[in-house]
């Protein structure tokens, strides 16, 4: 029982490159969330999915897209990475907000 | 504009004493509040929550107090232990229960 898993753990991108961050859960929860954490800013919601097949914008959605592939998986895509997207990205599930271990992204 | 604020970036307490972490919010529509603990290089871990229909919730050494009129909540840890040293985040959500707003965190150091 892994709970919430995220891949990759760490990634370096060049400006303009694209990548997808993966999140998977084995907790059978309907709702899933993507956050970014920046120094002095706390965690800010990027996108969330209240249930399979639905997605909605959070506080800071610009530059990101998401896919709720099925109940287990919720991916976050950066189509053209920018240095401002350097951050730690966390996936969470459930309205109790159980978090994954995070993905550290560096955009050069 | 930060809807959830933790105005103390850091706090140090002696082992065995009480730690009190504070959180203020601005949105009167928030009705569900949570506290998280975070160690470096790990995801936040859920600690305790409280609904706006209550003003206190306890779980072992952790107690959360909610003062709706003041739009203020606090987390009490008694007694504090060195393993409690971490960053603590408060979070709040409103009637949809889908969007969560986090504070900027308070770094707690418990001195042995």
Using Cα springs under 10 Å in a Gaussian network model of chain B, which residue among B:21, B:75, B:11 shows the largest mean-square fluctuation? B:11
Would you order A:95, B:56 from fewest to most other beta-carbon atoms within 10 Å of each residue's own beta-carbon? B:56, A:95
Compute the distance in nm between two label points, each set 7 Å from the Cα along the Cα-to-Cβ direction, one at residue A:106 and one at residue B:20. 4.2 nm
Taking 0.36 nm per residue of separation and subtracting the Cα-Cα distance, what length does fully extending residue A:62 through residue A:12 add? 16.0 nm
Order these peptides, B:31-38, B:86-93, A:6-13, by their mean beta-carbon neighbour count within 10 angstrom, highest first. B:86-93, B:31-38, A:6-13
Could you let me know the centre-to-centre spacing of the range B:1-73 and the range A:1-51, using Cα atoms, in angstrom? 23 Å
By Cβ neighbour count within 10 Å, fewest first, B:30, A:74 rank B:30, A:74
What order do you get for B:44-51, A:97-104 when each peptide is scored by the mean count of other beta carbon atoms within 10 Å, highest first? A:97-104, B:44-51
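Rule-based calculations on the coordinates, nothing more; no lab input. In this text, all values refer to a predicted model and were calculated from it rather than measured experimentally. Here the Cβ is made from the backbone with ideal geometry for all residues, glycine too, and neighbour counts use every protein chain on show.
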